[in-house]
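Quick notes on the structure that follows.
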Amino acid sequence: MQWKSLQNMTPGLMNLLAYERSWLKPDIRAGLSVAAVALPVAIAYAELAGVSAIVGLYSCILPMIAYAIFGSSRQLIVGPDAATCAVIAAVVTPLAAGKTELHWQLTIVMTLMMGTWCLIASRFRLGAIADLLSRPILNGLLNGVALTIIVNQISKVFGFPSPSSELIERIVALPENLLNSHWPTVGISLLTLLILFGVRYARPNWPAPLFAVVLTTALTWAANLPRFGIETVSGYTGGGLPMVSWPDFKPGLLRDLVIPALNLAVVSFVSMMLTTRSFAAKNGYEVDADSEFRALGLVNIVSGLSQGFAISGANSRTAVNDANGGKSQLVSVIAALAIALVVLFFSEPLQFIPIPVLGVVLIYASWSLLDMRSIFRLRKRNRSAFNLALFTFLSVLLVGIIPGIGLAVLLGLLQFLQTVFRPTEQLLGVNDGGMIHSIGNDDKIKPVDGVIMYRFNSPLTYFNVAYFKRRVTNLVDSRPSPPRWVVIDAVASFTHADISVLAAINELQRELKLRGISLVLAGRRTELTRWFRLHRSNSNEHELILVPDLYLALKLIQSKELKAEGMRDAEALLKGS
């Protein structure tokens, strides 16, 4: 039992224990490639989150090793993520009020809280929450985050001060601010851009951001570019690993992070699961959402304890791993060890990384997230999905990332409730071969004489059962000749034993009986028999006809109609004699 529990807790470790020698060469190649891409991105995302460059590397090393043990995906690489860092900055920056040490403290605490939320969700098996943020919401969110990052980095790329932290004010003031650009900063930004596109054009498989950061850092050190006013990474000057100090931290700040940490956990998990599932499907295996929720919680707690910030599944680095043929979680271990070597022996040069270079790298990385066509493609395919994606995008831009996410989820839930409150419906009929189909899809589908077959495309519950009753009675009243039978497809609508629903069905049955109409529920016969027996106060169960499916309902009706017709013929003969 303990061994099975260990297997469930550490799927990555179990995979490593069954390691095949043939995997080693592609895993080493993939691990070094991932490290080459992760290094500059982690440093840039640290700048985005508002902490020193080396904290971005802290957020890679131990968390990547932890995921290799606790994660179930063989390809997923965890690490700093654009959306995650943007959320952290949006929450922590106002609370820190410009205090660097407090900013780092709050970032760590928010990361630990996020990890805790993930563990709680895993404990209660809430992996289905991955579906809470639908693809339209995620499309709108990622586009909004990408555009927010790009606009926020323009001031760093052009070297002018940005007086406002609000996106709309930044955009409005942009033309005037561009006139106050710092030209040496613009020059290093253009050089970075040339390196990025040059490497991408000449060697598409090489890590362009790594070359850009290394070459511009070397130039900054050799030419002493800070004397021209070019800003470089601050907060670390070498001479040992920095440590955060806690004695002056005020615990009262924790309450301001609880709900944002929960939002961050949901966003990170949904984003991670989209990446995990896509690469798992591509490589022919499955991942468990609850296990991944636990793994995400553990890696974020590890990141917080190692002074890092919140992380998620990194789509671009996972793609690099897969493209280089990575076979197992050993890729994460190799990449983590390579980054650890940089932290231990090459951390001092980090102070020479120019801020505008990181701004260009962030814009370069965020540009791949910016895909407005994915939103407008929904316009023709699904209008409600388009409205939801566009609403999310505009909410993130206008009111901020955290409030925007909340509004988007609220609108998504309202759309869902609208579907449940007023779902689609079909009248059913049969074709010449006796097959049941929806009426209207084909001219050959005809209603059964004297029978209304009705499908209500939503689970029946207390807040839509009145509408259901009204629709059935309206259909009955709208017929030129009253039907003798009403058959309800119970499979789609009877999903749980709601007392209000069962009581409403009793009322509907009585109303139809007064009109000489019999009610038949087709499907879920076993469950419905048990539910009505438990919840009916009287003993009229026999008056409600329950059958296993629609075809048996029609056979039952035909049998009863023939029997009734035979009885009428017999009575007529008796009267005639």
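The values are calculated or read from the model by the stated rules, or taken from the named source; none is laboratory data. From a predicted model like this one, the values you see are computed outputs, not experimental measurements. Heads up, the Cβs are rebuilt from the backbone with ideal geometry, glycines too, and the neighbour counts pull from every protein chain shown.
Got at least one residue in region 504-525 being among the small types (Gly, Ala, Ser), assigned to a helix (DSSP H, G or I) and touching a residue at least 12 places away in the same chain (Cβ under 8 Å)? Yes, region 504-525 contains at least one residue that is among the small types (Gly, Ala, Ser), assigned to a helix (DSSP H, G or I) and touching a residue at least 12 places away in the same chain (Cβ under 8 Å).
Going through (1) in a loop (DSSP other than H, G, I, E, B); (2) touching a Leu at 6+ places or on another chain (Cβ under 8 Å) one by one, residue 84 falls short only on (1). Could you tell me whether any residue of region 472-488 is farther than 20 Å from residue 419 by Cβ, touching a Leu at 6+ places or on another chain (Cβ under 9 Å) and among the basic types (Lys, Arg)? No, there is no match, as no residue in region 472-488 is farther than 20 Å from residue 419 by Cβ, touching a Leu at 6+ places or on another chain (Cβ under 9 Å) and among the basic types (Lys, Arg).
Matching residues to (1) acidic (Asp, Glu); (2) buried (at least 19 other Cβ atoms within 10 Å of the Cβ); (3) within 27 Å of residue 71 (Cβ to Cβ):
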position: 323; (1), (2), (3): no, no, yes
position: 334; (1), (2), (3): no, yes, yes
position: 341; (1), (2), (3): no, no, yes
position: 346; (1), (2), (3): no, no, no
position: 352; (1), (2), (3): no, no, no
position: 356; (1), (2), (3): no, yes, no
position: 362; (1), (2), (3): no, yes, yes
position: 370; (1), (2), (3): no, no, no
position: 374; (1), (2), (3): no, no, no
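With the condition kept exactly as written, say whether any residue in region 195-202 is within 30 Å of residue 386 (Cβ to Cβ) and either under 24 Å from the mean Cα position of the chain (by Cα) or part of a helix (DSSP H, G or I) (or both). So far as region 195-202 goes, no, none of its residues is within 30 Å of residue 386 (Cβ to Cβ) and either under 24 Å from the mean Cα position of the chain (by Cα) or part of a helix (DSSP H, G or I) (or both).
In this structure, is residue 175 modelled with pLDDT of 80 or more, outside any helix (DSSP H, G or I) and farther than 22 Å from residue 365 by Cα? Talk me through it step by step, then tell me what you get.
Details: modelled with pLDDT of 80 or more: yes; outside any helix (DSSP H, G or I): no; farther than 22 Å from residue 365 by Cα: yes.
Taking the combined requirement at face value, the residue does not satisfy it.
Taken residue by residue, region 399-419 has no member that is closer than 25 Å to residue 491 by Cα and among the small types (Gly, Ala, Ser).
Take the conditions among the hydrophobic types (A, V, I, L, M, F, W, C), closer than 24 Å to residue 270 by Cα and part of a loop (DSSP other than H, G, I, E, B) and apply them to residue 62. Does it pass? In short, no.
So in region 431-463, with the set limited to residues that are β-branched (Val, Ile, Thr) and touching a Lys or Arg at 6+ places or on another chain (Cβ under 9 Å), which one is surrounded by the fewest Cβ atoms within 10 Å (Cβ to Cβ)? My answer is 439. Tell me, please, whether a residue that is in contact (Cβ under 8 Å) with a residue 60 or more places away in the chain, closer than 29 Å to residue 498 by Cβ and more than 36 Å from the chain's Cα centre (by Cα) can be found in region 466-474. No: zero hits.
Within region 533-553, how many residues turn out to be at pLDDT 70 or above and either touching a strand residue (DSSP E or B) at 6+ places or on another chain (Cβ under 8 Å) or surrounded by fewer than 14 Cβ atoms within 10 Å (Cβ to Cβ) (or both)? Reasoning before the result, please.
Initial filter on region 533-553 (at pLDDT 70 or above): 533-535, 544-553.
Adding the requirement that they be either touching a strand residue (DSSP E or B) at 6+ places or on another chain (Cβ under 8 Å) or surrounded by fewer than 14 Cβ atoms within 10 Å (Cβ to Cβ) (or both) leaves 533-534, 544-553.
Here the count works out to 12.
For region 85-107, taking the residues that are farther than 14 Å from residue 260 by Cβ and of a type in the set (A, V, I, L, M), the one that is modelled with the highest pLDDT is identified as 102. Applying a threshold of 6 Å to beta carbon distances and a minimum spacing of six or more residues, or different chains, the list of pairs starting in region 406-435 at a residue that is in contact (Cβ under 8 Å) with a residue 12 or more places away in the chain and ending at one that is surrounded by fewer than 15 Cβ atoms within 10 Å (Cβ to Cβ) and in a loop (DSSP other than H, G, I, E, B) reads 423/457; 424/457; 431/444. Among the residues of region 71-115, those that are of a type in the set (Gly, Ala, Ser) and touching a helix residue (DSSP H, G or I) at 6+ places or on another chain (Cβ under 8 Å) comprise 71, 72, 73, 79, 82, 83, 86, 89, 90, 96, 115.
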